[in-house]
Amino acid sequence: MTAGVPRAADVVVVGGGVHGASVAYHLARRGARRVVLVERKFLASGPTGRSSALVRRFYAMDFLTRTANTSATVFQHWADQIGGGDPGFRQVGILWLVGPDRVDNLRANVRRARELGANVATQAPDEVHALVPTMAVDDVALGAYEPESGYADAAMTTNAFATRASEQGATVVQYVPVEAILTAGDRVSGVRTAAGEIHAPAVVVCAGLWAGRLLGPLGVDVPVAPTRHQMCFFRRPPDFGPHPAVLDRPHSTYMRPETGNLTIHGLFAYDEVVDPDHYNEGADPGEVLRNAELIAERFPAMEHGLSMGGYSGVYDNTPDHEPVLGAVPEHPGLFVNFGWSGHGFKHAPAVGDILAQVVLDGHAPGWNLQPFRWSRFRDNAPLPRATAADPPIS
């Protein structure tokens, strides 16, 4: 799939994570003639490859519920909708848990998600326990269950998108860093790579943690904090069967099953800012112990589980933990899709299609990207938090 660096293109997509690969695929699918996807290392080598790759369907914001739900349906029916490759989707179900302080939020967001077509329903604590008998629910006031959700394989998904893009005429270039975005006046004119320039009237920056290095010289200043997050592996004891993925608001943790009778477990948020090119990719011993204690509180049977170490990745956290999407009006021909702050994987199928339409047609019917403009940070207009347990956003 790796090709030489062409000297001209109609659209250059910078970044070979899941979002860049999705954008490239949808551009090619929609008839863009010369699409070039450029990745500094190998596909999914950045945060995508270290994602927990949850596939779930609803938020406190309509836009994110719609993109998540649309994307989850794509994962469910990949062969029919994408036409090739395997994203490694496993439909294990996803269960939200909240305490008394979040009940009204979760109930309202489930109601709205159902109106938007998402298959999700609230669960009383006794229903949660019936669904997952091994779970302690004393501190759970309400649950929400998505039976058709689950998780995928992030690297397989990225490579499937890139392969389909290539099959439809796109050029995929790996191990070539993009060093700068080129302009003629204010208008974008291409990119400069370590292997030469690519001239193009449109550039889509899906470079995640490295987007700021390319956009800053153009005056597009988005503060992104490279935040290390740790995930721990635990082998379940023999009498502990499969379980759904769980988003545990009372404990501020999440977990999902993994092959080999394993469970991956981590915290919702970390605050350790690191150099994304040089950081500890393992899990700290103290963090493994902390996660072991938390998973045993939720699943008492895990007192007899076995710690299997862990790994770390890096989130591209924006100040409001929401992405930067769409056209950059100060520079005609420049488009962006980054800053997903750790919850971007699940949205990639739908958002790639939305961005492709914006690039090719100037807009995506039915989708408003204005709230996600880069200038919201300059204008002190951040978005509110929008997880499924947050207050509904009108």
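The values are calculated or read from the model by the stated rules, or taken from the named source; none is laboratory data. The structure presented is a predicted model; accordingly, all values stated were derived computationally and were not measured. Every residue, glycine as well, gets a Cβ built from its backbone with ideal geometry; the counts of neighbours run over all protein chains shown.
Scanning the stretch 98-146 for residues that are of a type in the set (Asp, Glu) and under 18 Å from Ser71 (Cα atoms), which turns out surrounded by the fewest Cβ atoms within 10 Å (Cβ to Cβ)?
Glu115
Just to be sure I understand the filter: pairs with C-beta atoms under 9 Å, separated by 6 or more residues or on different chains, first member in the stretch 168-189 and in the same structural domain as Leu209 (by TED's automatic domain parsing) and under 13 Å from Leu334 (Cα atoms), second member part of a loop (DSSP other than H, G, I, E, B) and of a type in the set (A, V, I, L, M). Which pairs pass?
If the second residue must be part of a loop (DSSP other than H, G, I, E, B) and of a type in the set (A, V, I, L, M), the pairs left are Leu182/Ala200; Val188/Ala200; Val188/Ala202; Val188/Val328; Ser189/Ala200.
Taking Glu330, is it over 23 Å from Asp138 (Cα atoms), surrounded by fewer than 21 Cβ atoms within 10 Å (Cβ to Cβ) and at pLDDT 95 or above?
yes
Tell me yes or no: at least one residue of the stretch 85-97 is crowded, with 24+ Cβ neighbours inside 10 Å and in contact with a Cys (Cβ under 8 Å, 6 or more places away or on another chain).
No, every residue in the stretch 85-97 fails to be crowded, with 24+ Cβ neighbours inside 10 Å and in contact with a Cys (Cβ under 8 Å, 6 or more places away or on another chain).
Hand me the list of strands (runs of 3 or more DSSP E) wholly inside the stretch 278-363 holding 1 or more residues that are over 24 Å from the mean Cα position of the chain (by Cα).
Passing ranges, in order: 306-317.
Could you check the stretch 37-47 and list, in sequence order, the residues that are modelled with pLDDT of 95 or more, at negative phi and surrounded by 22 or more Cβ atoms within 10 Å (Cβ to Cβ)?
Hits for the stretch 37-47 are Leu37, Val38, Glu39, Leu43.
From the residues in the stretch 89-115 that are of a type in the set (Gly, Ala, Ser) and out of contact with any helix residue (DSSP H, G or I) (no Cβ under 6 Å at 6 or more places or on another chain), which one is nearest to Pro244 (Cα to Cα)?
Gly93
I'd like to know if the stretch 134-151 contains one or more residues that are assigned to a loop (DSSP other than H, G, I, E, B), among the acidic types (Asp, Glu) and closer than 22 Å to Ala296 by Cα.
Looking through the stretch 134-151, at least one residue is assigned to a loop (DSSP other than H, G, I, E, B), among the acidic types (Asp, Glu) and closer than 22 Å to Ala296 by Cα.
Could you grab me the full set of residues in the stretch 370-386 that are hydrophobic (A, V, I, L, M, F, W, C) and in contact (Cβ under 8 Å) with a residue 12 or more places away in the chain?
Start the filter on the stretch 370-386 by keeping residues that are hydrophobic (A, V, I, L, M, F, W, C), which leaves 372, 374, 377, 381, 383, 386.
Of everything in the stretch 370-386, those that are hydrophobic (A, V, I, L, M, F, W, C) and in contact (Cβ under 8 Å) with a residue 12 or more places away in the chain turn out to be Phe372, Trp374, Phe377, Leu383, Ala386.
Taking helices (runs of 4 or more DSSP H) that fall entirely within the stretch 1-112, which contain at least 3 residues that are within 22 Å of Asp353 (Cβ to Cβ) and small (Gly, Ala, Ser)? Steps first, please.
Values: elements: 18-29, 62-76, 78-81.
Here the list reads 18-29, 62-76.
What's the number of the only condition in (1) small (Gly, Ala, Ser); (2) in contact with a helix residue (DSSP H, G or I) (Cβ under 6 Å, 6 or more places away or on another chain); (3) surrounded by 21 or more Cβ atoms within 10 Å (Cβ to Cβ) that Gly169 fails to meet?
(3)
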